[in-house]
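Values in this text are rule-based calculations from the coordinates and carry no lab data. What you see is a predicted model; the values in this text were computed from it and never measured. Neighbour counts run over all protein chains shown; Cβ positions are idealised from the backbone, glycine included.
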Amino acid sequence: MKQLRNNVIRAGLEALYFTGAHHLLRPIFAGAGAIFMLHRVRPRRDGEFRPNRHLEVAPEFLRAMLSHLRSRGIDIITMDELHRRLTERNFSQRFACFTFDDGYRDNRDFALPVMGEFEAPFTVYVASDFAQGVGHLWWIALEMVIARASSIEIEIDGVATRLDTPTPAAKQAAFDRLHDWLRGLPGGDDLQREIDGLCVRYGVDEAAICRELCMSFDELTSFAADPLISIGAHSVTHCNLARQSPEVASREMAVSRERIEQALQRPVAHLAYPYGDRFAAGPREFALAKAAGFKTAVTTRPGMIFRESAGYLTALPRVSLNGNYQEKRILPVLTSGAATAMWNGFRRIDAA
Ligand SMILES: [Zn+2]
């Protein structure tokens, strides 16, 4: 299914490009600007089984996007400045924000040098457990389990199941099936119990993943001293907030902010919802983030920023820079708003 969905998106991006439809749609759907969403930035790797590759782009692709934006005279601004422009209704100049979720160390090693070339500010949303070295990046753990196993035995919904994983295609199919099943489990504890079991049975040290991939608070302190960088909150445990009680969801938001503020000695005013889709962040979470005092909060729902977005500051959509689509020719399609408009059925606000 994932491959099919990817193919449909790719066909859509290509069609928009080749028909020139993005030029026609730009005046209506380009909006006031865009918030770009990234995760990891690192050089392209070979290997056929890379199920998390949509979460990483190469430094060259980031550079190409920045250069495209600069050539079109689009301002690259901080989330504070976006908040100011939206609340003051200042739409005289189109803008773009760059945001990176989770707090990966490659943001420092590969994204910062490229962003620096363009003097482009950006925000990194940190899950505080990741920075404390005790977080669970279960999607990476799952990748590592499947990469090393030639078959996986697991009980799925009470049924003993064996997934043969000898080839990259079989591994991808197993990853998609287990990923969708795990995300659908009722609680974060259920998901973690299954991942813990897999890691033990297939010899993956899950605890090491977060220390290996994410910046510690010590590292974040020197990273955040760079004037281009803002740090935002991304919950404590990287849980699906919509699945928590209101008390727990509020605490995840507030405590992650407190821990980051304490460690970095600077205010944290912006939030990104973990997962951030409509199953993980809805009207209740938007209200909780507002009540917690965040100036803005971003989802992973696709969309551009419009004048109307000023009324939905804790439900802001983003445009994913997705590792599956790193062709330079799609850059004007992404900034035209045509692609996200198509995905959204041509709605400008999606906050329900
Ligand atoms: Zn995340």
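Fully extended, how many nm does the chain gain between A11 and N324 (0.36 nm per residue separation, minus their Cα-Cα distance)?
On the way: separation 313, 0.36 × 313 = 112.68 nm, distance 1.23 nm.
Additional length available on full extension: 111.4 nm.
Charges at C-beta only: +1 for Lys and Arg, -1 for Asp and Glu. How large is the resulting dipole of the chain about its Cα centre, in Debye rounded to 20? Walk me through the intermediate numbers first.
Details: 43 positive and 42 negative charges, 271 e Å.
With only Lys, Arg, Asp and Glu charged at Cβ, the dipole is about 1300 debye.
For segment 105-188, just run the numbers: alpha carbon Rg, then divide by 2.2 N^0.38 Å, N being how many residues it has.
The reported ratio for this selection is 1.50.
Round to a whole angstrom and tell me the spacing of the C-alpha centers of segment 289-352 and segment 68-85.
Distance between centres, Cα-based: 14 Å.
If amide hydrogens are placed 1.01 Å from N in the peptide plane, which non-local residues have theirs closer than 5 Å to the one on F100?
For F100, the qualifying residues are L38, T123, V124, Y125.
Could you work out the relative contact order of segment 40-154? I mean the mean sequence separation of Cα pairs under 8 Å and 6+ apart, divided by the number of residues, in percent. List each step's numbers first, then the result.
Details: 107 pairs, mean separation 33.2, N = 115.
Answer for segment 40-154 is 29 percent.
If you take every DSSP beta bridge fully contained in the chain, what fraction is antiparallel? Give it as a percent rounded to 5.
Numbers: 8 of 35 bridges.
Antiparallel bridges: around 25 percent, rounded to the nearest 5.
What does the highest-first list of 120-129, 255-264, 211-220 look like by mean Cβ count within 10 Å?
Values: 120-129: 24.5, 255-264: 19.1, 211-220: 17.2.
Put in order of decreasing packing, that is 120-129, 255-264, 211-220.
Among the chymotrypsin sites (Phe, Trp or Tyr not before Pro) within segment 249-344, which fall in a DSSP loop and have no more than 15 other Cβ atoms within 10 Å of their own Cβ? Please report the intermediate quantities before stating the final value.
On the way: sites: Y275, F279, F286, F294, F306, Y312, Y325, W343; in loops: Y275, F279, F294, F306, Y312, Y325.
Of the chymotrypsin sites (Phe, Trp or Tyr not before Pro), the ones in loops of segment 249-344 whose Cβ has at most 15 other Cβ atoms within 10 Å are F279.
Using mean Cβ contacts within 10 Å as the protection proxy, how do 42-52, 100-110 order, highest first?
Numbers: 42-52: 13.1, 100-110: 22.3.
Listed from highest to lowest mean packing, they are 100-110, 42-52.
Over the Cα atoms of the chain, what radius of gyration and what Dmax do you get, in Å?
Here Rg and the maximum Cα pair distance are 19.8, 60 Å.
So who's got an amide H within less than 5 Å of the one on I76, skipping anything under 5 residues away but keeping other chains? H placed 1.01 Å off N, in plane.
When sequence neighbours closer than 5 places are left aside, the close amide H contacts are A96.
Once Lys and Arg get +1 and Asp and Glu get -1 on their Cβ, which of T123, Q262, L137 lies farthest toward the positive end of the dipole of the chain?
T123
At a Förster radius of 25 Å, what calculated FRET efficiency corresponds to the Cβ-Cβ distance of D196 and D157, to the nearest 0.05?
On the way: r = 18 Å, r/R0 = 0.73.
The computed FRET efficiency comes out at 0.85.
Which residues in segment 61-78 have a backbone N closer than 16 Å to a point placed 7 Å from the Cα of S92 along the Cα-to-Cβ line?
Those under the cut-off are 74-76.
Please give, to one decimal in nm, the separation of the simple spin-label points placed at E247 and F279, each 7 Å out from Cα toward the Cβ.
Here the modelled spin labels are 2.7 nm apart.
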